[in-house]
1. Take I185, I214 and sort them by solvent-accessible surface of the protein heavy atoms, 1.4 Å probe, largest at the top.
2. Please state the relative contact order of the chain as a whole percent: Cα pairs under 8 Å, 6+ residues apart?
3. Please state the charge dipole magnitude for region 1-142, taken about the Cα centre, from unit charges on C-beta atoms (+1 on K and R, -1 on D and E), reported in debye and rounded to the nearest 20.
4. Any chance you could look up the accessible area of E30 with a 1.4 Å probe, heavy atoms only, rounded to 10 Å²?
5. For region 103-159, calculate the relative contact order in percent as a whole number, restricting contacts to Cα pairs under 8 Å that are 6 or more residues apart.
6. Based on C-alpha coordinates, I'd like the Rg and Dmax of region 1-74, in Å.
7. Heavy atoms of the protein only, probe of 1.4 Å, neighbouring chains included. What is the accessible area of R178 in Å², nearest 10?
8. So what are the radius of gyration and Dmax for the Cα set of region 177-237, in Å?
Amino acid sequence: MSELIIVKTTEDMGRLGAEMIASEVMGNPEIVLGLATGSSPVSLYKELVRMHKEEGLDFSGVRTVNLDEYVGLPTDHPQSYRSFMNENLFDHINIDPSNTHLPDGMAEDLDGEWARYDRLVDELGGIEIQVLGIGPNGHIGFNEPSEEFSKHTMVVPLTNETIEANARFFSSASEVPREAITLDIRHIMQAKKILLVATKKKKEILKKALEGRISSQVPASVLQLHRDVTVIFSEEE
Ligand code: GLP
């Protein structure tokens with residue numbers, strides 16, 4: 001069953017999302033959280049940091065797996081997803097860095113790397129709750145519109161639309177990596193719960209994903225088949 005919650009501000013979205021994650025963490029201190037990057041979950045991470053600092057929310061046993069990473073960006077590049085996660089969450093909570101996982105976009109053997117990451121998520125026992133944003137073309141993680149839903153972690157070429165959309169984080173579109181490693185639709189769908197956060201600018205694509213035809217051309221539409229999806233939509237940009 002899916003639930004759509006509409007809130008006024010991005011701050012409300014972050015607060016509500018963080019409450020959901022916090023109650024899962026309190027219920028299972030060694031939980032495996034699936035995490036996402038992008039601007040949409042920033043307010044949620046900010047609130048989790050506040051809950052840790054002011055209310056003692058404990059992450060010491062928590063394990064995390066991120067959805068994706070750019071290919072070819074060193075870990076310490078300011079736009080790598082590892083840097084994003086460190087800056088927005090990991091550096092401010094008491095998580096053990098060795099329990100935080102992202103694909104290695106600098107691996108020499110990229111095929112070996114996606115296979116390792118794919119196995120890792122299974123070895124951790126799968127994802128309890130997966131945080132998602134949605135791309136302007138309906139992508140989740142970096143599962144871009146394509147002929148079929150992906151069944152394993154993989155290296156994917158980014159579409160021009162995604163390169164353009166993500167250029168705002170780089171000095172120009174030409175600096176945006178052309179490929180990424182992404183967790184697949186199967187692993188996302190196997191998460192016990194899904195929490196998708198989106199703001200006003202995603203209104204159209206979100207409607208298409210939640211109400212339109214289920215199609216790998218709109219990857220997020222597959223979430224209609226998941227039994228526990230919460231969508232928090234902020235009416236603010
Ligand atoms: C990137 C990420 C996605 C994210 C999307 C939307 O492409 N790979 O996981 O959902 O951006 O980002 P934003 O929330 O900044 O619009």
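1. Details: I185 10, I214 65 Å².
Per-residue accessible area, sorted high to low, gives I214, I185.
2. Reported relative contact order: 26 percent.
3. Numbers: 9 positive and 25 negative charges, 89 e Å.
Using only the charged Cβ atoms, the result is roughly 420 debye.
4. Roll a 1.4 Å probe over it and E30 shows about 120 Å².
5. Values: 34 pairs, mean separation 19.1, N = 57.
It comes to 33 percent, rounded to a whole number.
6. That works out to 13.6, 40 Å for Rg and Dmax.
7. Here the residue's solvent-accessible area equals roughly 120 Å².
8. Rg, Dmax (Cα atoms, Å): 12.5, 34.
The values are calculated or read from the model by the stated rules, or taken from the named source; none is laboratory data. Only a predicted model underlies this, so the values are computations on that prediction, with no experimental measurement involved. Note that each Cβ is placed from the backbone with ideal geometry, even for glycine, and that neighbours are counted across all protein chains shown. Each accessible area value is taken on the protein alone, full model and side chains, heavy atoms only, with ligands, DNA and RNA left out. Shrake-Rupley method; radii C 1.70, N 1.55, O 1.52, S 1.80 Å.
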